[in-house]
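What follows is a single structure, written as C-alpha cells, with notes after it.
The values are calculated or read from the model by the stated rules, or taken from the named source; none is laboratory data. A quick note: this is a predicted structure, and the numbers were derived from the prediction, not measured. We place every Cβ from the backbone using ideal geometry, glycine too, and count neighbours over all the protein chains shown.
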Amino acid sequence: MIAARASTPDSPSQPSAAGVAIEVLDLRHAGDRRRFVATGEALGAADPCHVSGPRRERRYRLDPGGNLLFSGLRFQAFIARRGGRPRARLLAYQRQPGSGEAPDDTGWFGFFDAADDGAAVRALLRQAGRWLEQGGARFLVGPVDLVLDEGAGLQIDGFERPPSVGLHGNPPHVVALLEAAGFRTRLERPTWSWCLQGLQADPRAQRALAQAQLLRQRPDLKLRAVDLTRISDEVPRWYALWRAQTDAASGPGPRDEAAFAAWVHEHTRHVLPGLLLACEELGQLVGISATLADVNRLMPRSGRLSPLANLRLGRAGRHLSHAGVRSLLVAPSHRGQGIEGLLLAESGHRAGALGIRGLDVPGAWQDDRDRAHALRQLGAKIRLRHRIFRVELDQILRWGRDAGETFK
C-alpha cells in the first residue's frame, strides 16, 4: 500500500511492498517548503554537476503565498522515501479553468529530482497521477518548474559541466527512469554555446554581424537598453508580447499581468548591465532579450551564500566569463525578418565589452528555425538539449491497479 499523508513530524509514511513511502507536503507551510528544498539538495549531492541555485530564490519559487505563478493552480508536492532516505521528489499541478474556459485535461509536474531508484520513481508518479486524476487530468507532462522559460525539461546530453543559469540540470539516469515509466518526448529544445572570442576570424559570423548592423540602421527600427529601475513601465507591452508566443498558450506560466510582472522582476535579478534589450518598430515592441550573469559558476553547491559570495553575485559581470541569454522573444508578425539576429548580435557585442567570453542561448521549444539560423550564422554550436515528456495518466495508474495497490 502506498500511503499518502499530510506532513507532520509524528505521522510517518507507511511503506509500500517495495519499501517506498510517499510523503505529501503542503507548500503553504514553511516547514514543508524547507523539507522539499532540502530533499532536492540531498538528491543532488551525488551529482558533481549539480547546482542548487541561491536558497532564497528556491524558497521564493516554491512559496504559494509569495510566488504569483501559483495563482490559478491546484498543486501538491510529494517526496518518495525508502528506509527514511529521500529517493525522489516532484511538484504536481494543474491549471484551474478561468471564467468561460474548459477544464484542463493536462496535469504538469516540476521540481523533479530522483536517485537511480525506479521503484521509488514509479511509486511517486502513481501517487501524483492519482491526485491529478481527481482533478480531471488525463495526461501528465513535464518537468516544467511552473513556467516554460525557466527550469523546464530534463537535460539529455552535455553532462560534462553544470547547466547555465535558468536551465535545469540532472544526471543521465533521471531521463532513463522517465522513459522506462512510459514517458515519451513532447517537446525538445537545444541550448547553443556561442564563443565571443575569435569572431573577427570567422567570415560567416562577420557577415551576420554586418547584416545586423544594417538592420539596426533602419529609421523605423529602434534598439535600446531597458532601464532596470523602470521595468514596471515596460511590463504591459512585454506581457502582450509574451502572450503572443505559442509556448504561452500551450504551457504553464503567468495567468495574468500581475503574475507576469512578479516573474519578470524575479527573473531579471541577475541581468548584466545594459543587457536587457528591447527592439521597437515605429514605437511597437517587436522583440526583447535578457542576458543574465551565469551565477551558477559562482554558486556553492549548498546554495547558502556567504557575505563575500553575495558581493560577488552583485558584481557578477566583473567576475564571470560566461552568461546566458534568456527570454529572447520576437513578435510572430516579425519572425524571419532578422530581429532575433539583431538582438543576439547586440547582446554578444555588449557582453564582450564586459569581458564575457561565451554566451549560452536556449533555442525555442517550438518553431526554432529563425533562432537556429541566426545562431548558426554567428558561429554558435549546440552544447546540450532538454526534453519535456508526456504520458497518459491511465498508463501510470495501471501499474498500481495491476499490482492490486490501494491508495489512501
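Can you name the number of the only condition in (1) closer than 22 Å to Gln206 by Cβ; (2) over 22 Å from the mean Cα position of the chain (by Cα) that Asp370 fails?
Among (1) closer than 22 Å to Gln206 by Cβ; (2) over 22 Å from the mean Cα position of the chain (by Cα), the lone unmet condition for Asp370 is (2).
So which helices (runs of 4 or more DSSP H) are wholly in segment 338-408 and hold at least 3 residues that are within 19 Å of Cys279 (Cβ to Cβ) and either in contact with a His (Cβ under 6 Å, 6 or more places away or on another chain) or at pLDDT 90 or above (or both)?
On the way: elements: 339-353, 369-377, 393-402.
In segment 338-408, the matching helices (runs of 4 or more DSSP H) lie at 339-353, 369-377.
Which residues, counting only those in segment 381-401, are closer than 30 Å to Val165 by Cα and either small (Gly, Ala, Ser) or surrounded by fewer than 19 Cβ atoms within 10 Å (Cβ to Cβ) (or both)? Give the derivation first.
First, pick out the residues of segment 381-401 that are closer than 30 Å to Val165 by Cα: 381-391.
Result: Lys381, Ile382, Arg385, Arg390.
Considering each of Val147, Val174 in turn, give the residue that is assigned to a helix (DSSP H, G or I), among the β-branched types (Val, Ile, Thr) and not assigned by TED's automatic domain parsing to the domain that holds Val325.
Val174
Criterion first (in contact with a His (Cβ under 7 Å, 6 or more places away or on another chain) and aliphatic (A, V, I, L, M)) does Leu140 satisfy it? Lay out the reasoning, then the answer.
On the way: in contact with a His (Cβ under 7 Å, 6 or more places away or on another chain): no; aliphatic (A, V, I, L, M): yes.
When the stated conditions are applied, Leu140 does not pass them.
Go through Ala123, Ala137, Ala128 for me and flag whichever is at pLDDT below 95, under 28 Å from Ala38 (Cα atoms), in the same structural domain as Arg398 (by TED's automatic domain parsing) and of a type in the set (A, V, I, L, M, F, W, C).
Ala123 is the lone residue from the list that is at pLDDT below 95, under 28 Å from Ala38 (Cα atoms), in the same structural domain as Arg398 (by TED's automatic domain parsing) and of a type in the set (A, V, I, L, M, F, W, C).
Filter segment 363-402 down to the residues that are over 21 Å from Gly142 (Cβ atoms) and among the β-branched types (Val, Ile, Thr) and list them by number.
Ile382
Is there a residue in segment 51-61 that is in the same structural domain as Gln127 (by TED's automatic domain parsing), within 19 Å of the chain's Cα centre (by Cα), farther than 18 Å from Leu154 by Cα and modelled with pLDDT of 90 or more?
The answer is no, given that none of the residues of segment 51-61 is in the same structural domain as Gln127 (by TED's automatic domain parsing), within 19 Å of the chain's Cα centre (by Cα), farther than 18 Å from Leu154 by Cα and modelled with pLDDT of 90 or more.
Can you tell me which residue in segment 115-145 is farthest from Thr291 (Cα to Cα), limited to those that are under 17 Å from the mean Cα position of the chain (by Cα) and surrounded by fewer than 24 Cβ atoms within 10 Å (Cβ to Cβ)?
That would be Val141.
Being surrounded by fewer than 17 Cβ atoms within 10 Å (Cβ to Cβ) and farther than 24 Å from Leu329 by Cα narrows it down to one residue among Gln206, Gln197, Gln213; which is it?
Values: Gln206 fails: farther than 24 Å from Leu329 by Cα; Gln213 fails: farther than 24 Å from Leu329 by Cα.
None of the others qualify; the one that does is Gln197.
Among the residues of segment 247-263 satisfying the criterion of being crowded, with 18+ Cβ neighbours inside 10 Å and closer than 23 Å to Asp367 by Cβ, which is modelled with the lowest pLDDT?
Looking at the filtered set, the residue picked out is Ala248.
Looking at segment 337-357, I want the residues that are touching a residue at least 24 places away in the same chain (Cβ under 8 Å) and have a partner that is among the aromatic types (Phe, Trp, Tyr) with Cβ atoms under 7 Å, at least 6 apart or on another chain. Which pairs are those?
Gly348/Trp194
With respect to Gly348, is the statement that it is out of contact with any Asp or Glu (no Cβ under 8 Å at 6 or more places or on another chain) and surrounded by 21 or more Cβ atoms within 10 Å (Cβ to Cβ) true?
So Gly348 passes the test.
Looking at (1) out of contact with any Ser or Thr (no Cβ under 8 Å at 6 or more places or on another chain); (2) of a type in the set (Gly, Ala, Ser); (3) outside any loop (DSSP other than H, G, I, E, B), which is the only condition Gly136 fails?
Status for Gly136: all satisfied but (3).
Since Val37 meets every condition but one in (1) surrounded by fewer than 22 Cβ atoms within 10 Å (Cβ to Cβ); (2) closer than 26 Å to Ala137 by Cα; (3) touching a helix residue (DSSP H, G or I) at 6+ places or on another chain (Cβ under 9 Å); (4) modelled with pLDDT of 65 or more, which condition does it not meet?
Exception for Val37: condition (2).
Yes or no, residue by residue, for (1) farther than 23 Å from Gly341 by Cβ; (2) out of contact with any Cys (no Cβ under 8 Å at 6 or more places or on another chain):
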| position | (1), (2) |
| --- | --- |
| Ala244 | no, yes |
| Pro254 | yes, yes |
| Phe260 | yes, yes |
| Val264 | yes, yes |
| His270 | yes, yes |
| Ile288 | no, no |
